[in-house]
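S.K.: Below is the structure I would like to discuss, written out as structure tokens.
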Amino acid sequence: MYRNYLKNCNYGSIGLYDTVSNTVVAELLSDSSYSFKCAALELHNFQIICSTTNNQPPRIPSNPLPNDNTFNVDPETTLSWSGGDPDSGDTVTYDIYFGKTSNPPLVASNYLSLSYDPGILDYNSVYYWKIVARDSNGASTEGPIWEFTTKDSDGGNQIVSQEPSSKTSSVKLFYMSQKILNVNGVR
């Protein structure tokens with residue numbers, strides 16, 4: 001049996017490579033010590049590959065839906081975002097923070113999907129959320145805190161501004177759904 005020792009390796013990644021099948025059989029952590037026996041190493045079918053490439057962190061979570069600072073959001077909405085990792089072999093999981101406070105609590109961790117169903121939300125409420133992306137090599141990237149406001153229970157016709165004019169008999173009402181309604185009065 002052939003005995004191999006790895007200790008204090010200064011490489012970004014280390015792998016046990018099968019030269020027959022051309023595959024990485026095991027990925028090892030570069031900041032750990034290993035001692036192992038492997039008869040295959042004696043047969044020269046395996047070699048240890050050390051790479052100086054460093055792991056890149058996951059992409060910053062972006063493109064939130066609902067969009068940041070959106071009003072009139074349906075209480076049965078699903079949260080979604082863009083993510084991923086520039087390193088093609090990395091698996092990315094997500095920690096989801098969501099709630100009614102500007103520093104939302106963690107509600108799900110190690111989540112694999114790019115969307116999350118928070119359940120039925122309260123009407124006319126402000127919600128805050130953020131995503132933290134983690135890759136399979138231990139790197140993480142925290143996204144910004146996003147917010148949105150759910151619609152009123154009457155269908156979302158929340159008046160946020162009124163523009164009366166003393167010279168006309170029309171009044172413009174701006175709804176959170178971003179539709180403008182002209183109401184014509186009598187002179």
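Read the figures in this text as sums done on the coordinates, not as results from a lab. Just so it is clear, the structure is predicted and the values come from calculations on it, not from any experiment. Here the Cβ positions follow ideal geometry from the backbone for every residue, glycine too, while neighbour counts run over all protein chains shown.
S.K.: For THR101 and ASP154, compute 0.36 nm times the residue count separating them, minus their Cα-Cα distance, and round to one decimal in nm.
M.R.: Stretched fully, the THR101-ASP154 segment lengthens by 16.6 nm.
S.K.: Between GLN56 and ASN110, what is the spin-label point distance in nm, taking each point 7 Å from the Cα along the Cα→C-beta axis?
M.R.: 2.7 nm
S.K.: Something else: Can you list the residues, at least 5 places off or on another chain, whose amide H is less than 5 Å from the amide H of SER136, using H built in the peptide plane?
M.R.: THR91
S.K.: Using θ = phi - 60° and the Karplus curve 6.51 cos²θ - 1.76 cosθ + 1.60, what whole-Hz ³J(HN,Hα) does each residue of the stretch 61-77 get, with Gly and Pro shown as x?
M.R.: x, 8, 6, x, 10, x, 4, 4, 6, 7, 10, 6, 7, 4, x, 9, 6
S.K.: What fraction of the Cα pairs in the stretch 63-114, stated in percent, has a spacing above 18 angstrom?
M.R.: Here the long-distance tail beyond 18 Å is 42 percent of all Cα pairs in the stretch 63-114.
S.K.: Non-local amide H neighbours of THR77 (under 5 Å, H modeled in plane, Pro and chain starts lacking H): which ones?
M.R.: For THR77, the qualifying residues are LEU121.
S.K.: Also, I was wondering about something else. With the cut-off at 14 Å, report for the stretch 62-150 the share of all Cα pairs above it, as a whole percent.
M.R.: Beyond 14 Å sits 61 percent of the P(r) for the stretch 62-150.
S.K.: What is the sum of charges, Lys and Arg at +1 and Asp and Glu at -1, for the other residues whose Cβ falls under 14 Å from the Cβ of TYR111?
M.R.: Around TYR111, the charge tally is -1.
S.K.: Mind ordering 102-113, 125-136, 68-79 by average Cβ neighbours within 10 Å, highest first?
M.R.: Top to bottom by mean Cβ count within 10 Å: 125-136, 68-79, 102-113.
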